[in-house]
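K.L.:
My questions all concern the structure below.
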Amino acid sequence: MKFPAALAVLSLIFTAAGVADPAKWEKDIAAFEKDLKTRSVKVMLYNSQTGNALAERMRRIATDSGVPVVGVSETPPAGMTYPQWMSAQLEALGRALGER
């Protein structure tokens, strides 16, 4: 699996399949780690409503490597409309990418 240079998404591959049987994904996980460590990606997105040891490890590698990490969610927080929620997530991504 090749990750895009501009954006790395911590996806269900790592949060579901990787946890179910990490041995099957060792090469992909290693490639993702390398991309984070070499800053081949501009930002890492993660699901802020879930978590596991592998996701936390990837977040830590990204942070330690200076790759911005942005949490995104599957559902809006209480008190936010759908447009507010989407706008907030897009604004967070824009800030991470250095856009205003």
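The values are calculated or read from the model by the stated rules, or taken from the named source; none is laboratory data. For clarity, every value in this text was computed on a predicted model and none was experimentally measured. So basically every Cβ, Gly included, is an ideal-geometry build from the backbone, and we count neighbours across all protein chains shown.
K.L.:
Name the single residue that is surrounded by the fewest Cβ atoms within 10 Å (Cβ to Cβ) among those in segment 33-69 being of a type outside the set (S, T, N, Q) and in contact with a Lys or Arg (Cβ under 8 Å, 6 or more places away or on another chain).
P.N.:
So, considering only residues that are of a type outside the set (S, T, N, Q) and in contact with a Lys or Arg (Cβ under 8 Å, 6 or more places away or on another chain), the one surrounded by the fewest Cβ atoms within 10 Å (Cβ to Cβ) is G66.
K.L.:
Related question: Restricting to segment 23-65, give me the number of residues that are aromatic (F, W, Y) and without any contact (Cβ under 8 Å) to a residue 24 or more places away in the chain.
P.N.:
Of the residues in segment 23-65, 1 are aromatic (F, W, Y) and without any contact (Cβ under 8 Å) to a residue 24 or more places away in the chain.
K.L.:
Then there is this: I'm trying to understand the selection: among the residues of segment 63-81, which are touching a strand residue (DSSP E or B) at 6+ places or on another chain (Cβ under 8 Å) and over 16 Å from R95 (Cα atoms)?
P.N.:
Matches in segment 63-81: S73, E74.
K.L.:
When residues of segment 82-100 are filtered for being closer than 22 Å to V41 by Cα, small (G, A, S), in a helix (DSSP H, G or I) and over 14 Å from the mean Cα position of the chain (by Cα), how many remain?
P.N.:
2
K.L.:
Which of the numbered conditions does P76 fail, given that it passes all the others? Conditions: (1) over 13 Å from the mean Cα position of the chain (by Cα); (2) surrounded by fewer than 16 Cβ atoms within 10 Å (Cβ to Cβ); (3) at pLDDT below 85.
P.N.:
(3)
K.L.:
Still on this model: Tell me, which residue of segment 36-81 that is part of a loop (DSSP other than H, G, I, E, B) and among the β-branched types (V, I, T) is nearest to A23 (Cα to Cα)?
P.N.:
Applying the filter and picking the extreme gives T50.
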